[in-house]
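Let me begin by presenting the structure, written as structure tokens, before commenting on it.
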């Protein structure tokens, strides 16, 4: 399966194919001429795929090396970015060279940020190995690192030269990582795809979803492709992809990065926002029940015990969707249809209220 992302200044293909990772060298050679390549991965992914990917690319004549970062959200930092800058400089990387990002969303976001800022920009390729990255973060060109103030506060828009998605990498995922990817799948269906929603609703659990990974990934990538082509820089319709993320990012920050995973936080954020939106008459009654039911099918959380409204509100003041004293929320009209609701920042206290 292939999809093409067509943007004014860049066009690239998404390749979605089981066992394609074993032929990664051929794929790289089809996109790039001779150059030095640095593969950025995390320690866990590198232990599984690093050596075989490195060898496959080297066999095509590329001078290739592999550098790793610790797994987990804490690696999405300016400190880790600086370490990678030093590595690239020591290797003598120049603007004619390239970077390959092999891993989940953390590697994709961090590595993409490094690629887009080192020497003002190097070409890079995405090879996402988690469901979360395959259906969301590897597509569309958003790169970022976290700070103590907010998630993804420092970043850039930078499109890859290509994305290679091998669903077989999901076989090595921990159950929790599979589930958090499904939170983004549910989000995509909830905002824009009733057909995907019905497909997911017929599944018994996350393991049945894994059996249908190729079809699910294709559907989600196609949704994101269409949205990104309409709004590359996140000013309009692309904001719909942030459903659940405004509250979700605040949960991640206030709980501590990695304590509640990104997908788990998005699942909770979608439920909290939809509950209040139903109460306000913005969302069709019964939508929350449908959302909770599907998330629970995939064993995702729909609420949080340690809820601190004041801390979460403070975190939201640094959210990228905040414009002055206003913030843009993504609200479901019903399953499969969402809209942008611009509210005053202080109104977020309503959406954070558990009562």
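Rule-based calculations on the coordinates, nothing more; no lab input. Bear in mind that the values here come from a model prediction, so they are computed numbers and not experimental data. A quick note on method: Cβ atoms are made from the backbone with ideal geometry, for glycine too, and the neighbour counts reach across all protein chains shown.
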Practice item. Report, to the nearest 10°, how far helix 78-90 tilts away from the longest principal axis of the Cα atoms in the chain, using its own Cα long axis and a range of 0 to 90°. Key: 10
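Going by average Cβ density within 10 Å per residue, which order do the peptides 327-338, 159-170 take, highest to lowest? Could you put the intermediate results ahead of the total?
Numbers: 327-338: 19.3, 159-170: 22.8.
Listed from highest to lowest mean packing, they are 159-170, 327-338.
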Study note, to complete from the structure: With 0.36 nm assigned to each residue of separation and the Cα-Cα distance removed, residue 156 to residue 230 gains 24.8 nm
Review point. Comparing 261, 30, 116, which has the greatest mean-square fluctuation in the GNM of the chain with Cα pairs linked when under 10 Å apart?
Key: 30
Exercise for review: With everything on Cα atoms, drop me the angle between helix 105-117 and the longest principal axis of the chain, reported from 0 to 90° to the nearest 10.
Suggested key: 60
Exercise for review: For n ≥ 4 DSSP H runs only, could you compute -39500 (n - 2.57) per run for the chain, divide by its residues and tell me the 222 nm figure to the nearest 500?
Suggested key: -12500 deg cm²/dmol
Revision key, fill the gap. Note on the range 175-352: the mean projected area of its alpha-carbon convex hull, in nm², is 9.5
Check your understanding: Just how far, in whole angstrom, is the range 273-351 from the range 1-65 if you go by their alpha carbon centroids?
Key -> 37
Exercise for review: At 7 Å along the Cα-to-beta-carbon direction for both residue 59 and residue 86, put a label point, then send me their distance in nm to one decimal.
Suggested key: 3.5
Review point. Taking the simple approach of a point 7 Å from Cα along Cα-to-Cβ for both residue 259 and residue 19, what is their distance in nm?
Key: 4.5
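For a protection proxy built on the mean count of beta-carbon atoms within 10 angstrom, sort 298-307, 121-130 highest first, please.
Working: 298-307: 15.9, 121-130: 24.4.
In descending order of packing, they fall as 121-130, 298-307.
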Review point. Nearest 0.05, what FRET efficiency do residue 280 and residue 306 give at R0 = 30 Å with Cβ-Cβ as r?
Key: 0.75
Check your understanding: When only C-alpha pairs under 8 Å and at least 6 residues apart count, what is the relative contact order of the range 45-158, in percent?
Key -> 23
Exercise for review: Between residue 78 and residue 7, with labels modelled 7 Å along Cα→Cβ, what's the label distance in nm to one decimal, could you check?
Suggested key: 2.4
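To make sure I understand, if each residue's beta carbon is the centre and we count other beta carbons within 10 Å, what order do 220, 271 fall in, fewest to most?
On the way: 220 24, 271 21.
Ascending Cβ contact count within 10 Å gives the list 271, 220.
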Exercise for review: Could you check which residue among 339, 199, 243 shows the biggest mean-square fluctuation in a GNM of the chain with a 10 Å Cα cutoff?
Suggested key: 199
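Can you give the % of DSSP beta bridges in the range 2-172 that are antiparallel, to the nearest 5? Walk me through the intermediate numbers first.
Numbers: 10 of 32 bridges.
Close to 30 percent.
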Point to revise | Helix 262-279 vs. the chain, principal-axis angle (Cα, 0 to 90°, nearest 10) | key: 30
